[in-house]
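Okay, so here's the structure we're looking at.
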Amino acid sequence: MADLEIRNLVKRYDKTEVLHGISLDVEDGEFVVFVGPSGCGKSTTLRLIAGLEDATSGEIVIGGRVVNNLEPKDRDIAMVFQNYAIYPHMTVRKNIGFGLRTSKMSKTDKEARIDEVAGILGMTDLLARKPSQLSGGQRQRVAIGRAMVRDPAVFLFDEPLSNLDAQLRTQMRLEIKKLHQRVGNTIIFVTHDQVEAMTMADRIVIMKDGHIQQVGTPAEVYHKPANTFVARFIGAPSMNMLSGTVADGALRLGSGEVLELGLDAADGQPVTVGVRPEDLHPGAGPALVRGPVTVREPLGHETLIYVGAEGQEVIAKADGRTPPEVGEEVTLTAALDTLHIFDAATGNALR
Amino acid sequence: MTATEIRPTTDALLKTQAPKKPMNTGQFIRWLLLFLGGIAMVMPIAYMISTSLKWPHEVYNLKLIPDEPHLENYTYVLEDGRFYWWFVNSMIIAVITTVCNVIFDSLVGYTLCKFRFPGRYIVFIAILSTLMIPTEMLVIPWYLMSQQFGWLDTYWGIMFPGLMTAFGTFLMKQFFETVPDDFIEAARIDGLNELQIWWTVAMPLVKPALAALAIFVFLGNWTAFIWPLIVTNSVEMYTLPVGLSSFGDEADVAWELIMTGAAISTIPTLIVFLIFQRYIIQGVVMAGLKG
Ligand SMILES: Nc1ncnc2c1ncn2[C@@H]1O[C@H](COP(=O)(O)OP(=O)(O)OP(=O)(O)O)[C@@H](O)[C@H]1O
Ligand SMILES: [Mg+2]
């Protein structure tokens, strides 16, 4: 087990730079999830850590050792691929044992280790099967077993759950998390599913276009998003974005409402005000949004309402029993401390 | 095995199916074409066997059923020591060439498919373009080369042009495309070297292609005629096809003996096919499960 450090990592393919100098510290035993839209460089980062690609510049340090010039096998890592990468011509036992092929363990020790891993994953009865005789979830477990068997310092997962159906994904999510609590190795997990990121991670790394946008615990990135991108990316449904301007430390909204927030910004500066649907509801208080309800989405204990205002649709949460009717004019409000204020030009958080 | 004997069974087959689904003209034409194709395939073999059972004076009588069928030709060919020589020669050459092709073609095909290196495309095109040169054109340079190196009348001389083929390389390259890169990278992370990855991960996954290649190369070399004829001088170095064609004397070609030898020499090809056919079917099954 070991910590992982990335310093100023740059990756260029020919002329296009896909990673623009990212830096990150991962502590020993931490579960870090990389999340971001497609093409933002998550897999590339993982492949650089694994040694499947060479870094253009920057350093990767695993357990205090710069590994840039080491072969993948010497980096003390194991990787689980999206398509499992388990071999169809080998039994489950052979597949799990594959990671030990080059190890110097004795044959009996290897067998014992395979049995131990199969036990942890609940696959003892399946060892003699071929992958074609397994379900998707079982195949995924074999892939994880194959990575586990070597007890690497760092586990790398590249969207390992994206080929599973929703129910199985939830189940495997839980299993991987339990597994992490049990074995305690450092895990870097890539996904583009923010729910996966929120539920599994100790810390989330949010990436966009080859830059890290924010690193933080799930609570931090949810409650204190560093910029509008993170704010909209984390949480579902996405955060509502309203526009406003700063006037004398107060915030003037499109609805005409002026909120005394004590903002530390120049007079007249345009800002973006973010408010999560779960914080926004019809009622008395500062009127953030006024408009007609266009759509209702009953969820049982509550109802999502879509309200047309300022040329966009704002999503809010209403009581499940007596939600406003479609077409009804509503005034939406929220507690002032739930508002997120961003610089409209740069998108960075002001508060 | 005459046409008249086959037709009733086919007719019977058609009749049993008829009530379920009446045959339309298109289907009938398709069946008819397949049937004629089948006859065309079977006739030469039928004549080969038939001729091998005839006496010399009957050979030019094209009756399919010999008047007095006998096995004297088989006894003669099998008791003639030369036949064994040629059989062994052909076997050695076909087996070695097949093994070499399976290994070298797939090594080169794998490299061209899975590694990015400068000039890769040019190498591939260069290999492919050799497919356009017919053997007849190559025979003279091969001969001159063999003469210079002293390879005439040796196994090596017979084999060297075919130890690797452009077609096999191309075939294998295409098949390695079906092996996901993840498989290779996973093995790399697990610490295998590139040669081990090729052998333990990639090769088992292209078994069907290897089987097809093996059948193809074995048959090609087992039946090769022109080059072995040119490069060999001594009777002991002949391969089966060259040897068989020398049966008889200057005045008369002993067709019944040639056909007997040919009939015997089809046996190994049948065996090779039966062995590797299994893998081809396996491959189809595997491909079906992948989805
Ligand atoms: N071999 C390559 N050559 C050139 N560009 C590449 C190569 N591999 C990846 N890229 C580019 O690098 C960028 C990042 O790719 P990467 O695979 O890391 O994205 P990702 O975040 O994993 O996305 P996804 O969620 O779709 O897997 C993309 O724009 C991609 O086009
Ligand atoms: Mg990816």
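The values are calculated or read from the model by the stated rules, or taken from the named source; none is laboratory data. All of these numbers come straight from a predicted model, not from anything done at the bench. As a convention, Cβ positions derive from the backbone with ideal geometry for all residues, glycine included, and neighbour counts pool all protein chains shown.
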Practice problem: Would you confirm whether any residue within the range A:21-28 is buried (at least 22 other Cβ atoms within 10 Å of the Cβ), in the same structural domain as A:G210 (by TED's automatic domain parsing) and in contact with a helix residue (DSSP H, G or I) (Cβ under 6 Å, 6 or more places away or on another chain)? | Solution: no
Quiz item: Quick one: B:P66 ticks every box in (1) within 15 Å of B:L244 (Cβ to Cβ); (2) touching a Phe, Trp or Tyr at 6+ places or on another chain (Cβ under 9 Å); (3) not hydrophobic (A, V, I, L, M, F, W, C) bar one, so which box is it?
Solution: (1)
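Table: residues versus (1) modelled with pLDDT of 90 or more; (2) within 18 Å of B:D80 (Cβ to Cβ); (3) assigned by TED's automatic domain parsing to the domain that holds B:Q148; (4) surrounded by 14 or more Cβ atoms within 10 Å (Cβ to Cβ).
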{"position": "B:L195", "(1), (2), (3), (4)": "yes, no, yes, no"}
{"position": "B:V201", "(1), (2), (3), (4)": "yes, no, yes, yes"}
{"position": "B:A214", "(1), (2), (3), (4)": "yes, no, yes, yes"}
{"position": "B:Y238", "(1), (2), (3), (4)": "yes, yes, yes, yes"}
{"position": "B:E256", "(1), (2), (3), (4)": "no, yes, yes, yes"}
{"position": "B:F276", "(1), (2), (3), (4)": "no, no, yes, yes"}
{"position": "B:V284", "(1), (2), (3), (4)": "no, no, yes, no"}
Self-check item: Identity of the residue in the range A:100-123, charged (D, E, K, R) and in a loop (DSSP other than H, G, I, E, B), that ends up nearest to the other protein chains (Cβ to nearest Cβ)
Solution: A:R101
Practice problem: State whether one or more residues within the range A:47-60 are of a type in the set (V, I, T) and over 16 Å from A:F189 (Cα atoms). | Solution: yes
Quiz item: Among B:T135, B:T111, B:T130, which is the only one that is assigned by TED's automatic domain parsing to the domain that holds B:V201 and touching a residue at least 60 places away in the same chain (Cβ under 8 Å)?
Solution: B:T135
Practice problem: Out of the residues in the range A:56-99 that are surrounded by fewer than 21 Cβ atoms within 10 Å (Cβ to Cβ) and in a helix (DSSP H, G or I), state the one that is nearest to the other protein chains (Cβ to nearest Cβ). | Solution: A:K73
Quiz item: Is it the case that some residue within the range B:194-212 is within 14 Å of chain A (Cβ to nearest Cβ), closer than 15 Å to B:T97 by Cβ and not aromatic (F, W, Y)?
Solution: yes
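Could you tell me whether A:H211 is surrounded by fewer than 16 Cβ atoms within 10 Å (Cβ to Cβ), at negative phi and touching a His at 6+ places or on another chain (Cβ under 6 Å)?
For A:H211, the condition - surrounded by fewer than 16 Cβ atoms within 10 Å (Cβ to Cβ), at negative phi and touching a His at 6+ places or on another chain (Cβ under 6 Å) - is met.
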Quiz item: Could you list, in sequence order, the residues of the range A:41-100 that are away from ligand 2 (no atom under 16 Å from the Cβ) and charged (D, E, K, R)?
Solution: A:D54, A:E59, A:R65, A:E71, A:K73, A:D74, A:R75, A:D76, A:R93, A:K94
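Matching residues to (1) in contact (Cβ under 8 Å) with a residue 60 or more places away in the chain; (2) outside any helix (DSSP H, G or I):
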position	(1), (2)
B:I49	yes, no
B:L64	yes, yes
B:H70	no, yes
B:N73	yes, no
B:F83	yes, no
B:M91	yes, no
Quiz item: Got at least one residue in the range A:160-175 being crowded, with 19+ Cβ neighbours inside 10 Å and either part of a loop (DSSP other than H, G, I, E, B) or within 16 Å of ligand 2 (Cβ to nearest atom) (or both)?
Solution: yes
Quiz item: Any idea which of A:Y13, A:Y87 is hydroxyl-bearing (S, T, Y) and in contact with a Lys or Arg (Cβ under 9 Å, 6 or more places away or on another chain)?
Solution: A:Y87
Quiz item: When you go through B:G109, B:G150, B:G162, B:G81 one by one, which is the residue that is within 24 Å of B:P228 (Cβ to Cβ) and crowded, with 16+ Cβ neighbours inside 10 Å?
Solution: B:G162
Quiz prompt | Top-ranked residue in the range B:161-193 [being within 33 Å of the chain's Cα centre (by Cα) and outside any helix (DSSP H, G or I); ranked as nearest to the other protein chains (Cβ to nearest Cβ)] | solution = B:P180
Self-check item: Residue that is nearest to A:I144 (Cα to Cα), among those in the range A:84-134 that are touching a Leu at 6+ places or on another chain (Cβ under 7 Å) and of a type in the set (G, A, S)
Solution: A:A118
Self-check item: Residues of the range A:28-55 classified as within 12 Å of ligand 1 (Cβ to nearest atom), away from every other protein chain (no Cβ under 14 Å) and assigned to a loop (DSSP other than H, G, I, E, B), total
Solution: 6
Exercise. Among the strands (runs of 3 or more DSSP E) lying completely within the range A:181-251, list those that include at least 1 residues that are polar (S, T, N, Q).
Key: A:186-191, A:211-216, A:240-247
Practice problem: Report yes if some residue within the range A:267-285 is in contact with a strand residue (DSSP E or B) (Cβ under 8 Å, 6 or more places away or on another chain), exposed (fewer than 15 other Cβ atoms within 10 Å of the Cβ) and β-branched (V, I, T); otherwise report no. | Solution: no
Exercise. Restricting attention to the range B:112-134, report how many residues are part of a helix (DSSP H, G or I), of a type in the set (K, R) and loosely packed, with under 15 Cβ neighbours inside 10 Å.
Key: 1
Practice problem: Could you list, in sequence order, all residues of the range A:166-192 that are modelled with pLDDT under 90 and within 16 Å of ligand 1 (Cβ to nearest atom)? | Solution: A:R169, A:H192
Exercise. Scan the range B:149-160 residue by residue and report those that are part of a loop (DSSP other than H, G, I, E, B) and hydrophobic (A, V, I, L, M, F, W, C).
Key: B:W151, B:L152
Quiz item: Which of the residues belonging to the range A:145-159 are away from ligand 1 (no atom under 16 Å from the Cβ), more than 16 Å from A:D28 (Cα to Cα) and within 12 Å of chain B (Cβ to nearest Cβ)?
Solution: A:R146, A:A147, A:V149, A:R150
Quiz item: Within the set of pairs 6 or more residues apart or between chains, which connect a residue that is closer than 17 Å to A:I77 by Cβ inside the range A:156-171 to a residue that is aromatic (F, W, Y) and away from ligand 1 (no atom under 12 Å from the Cβ) with Cβ atoms less than 6 Å apart?
Solution: A:F157/A:F189
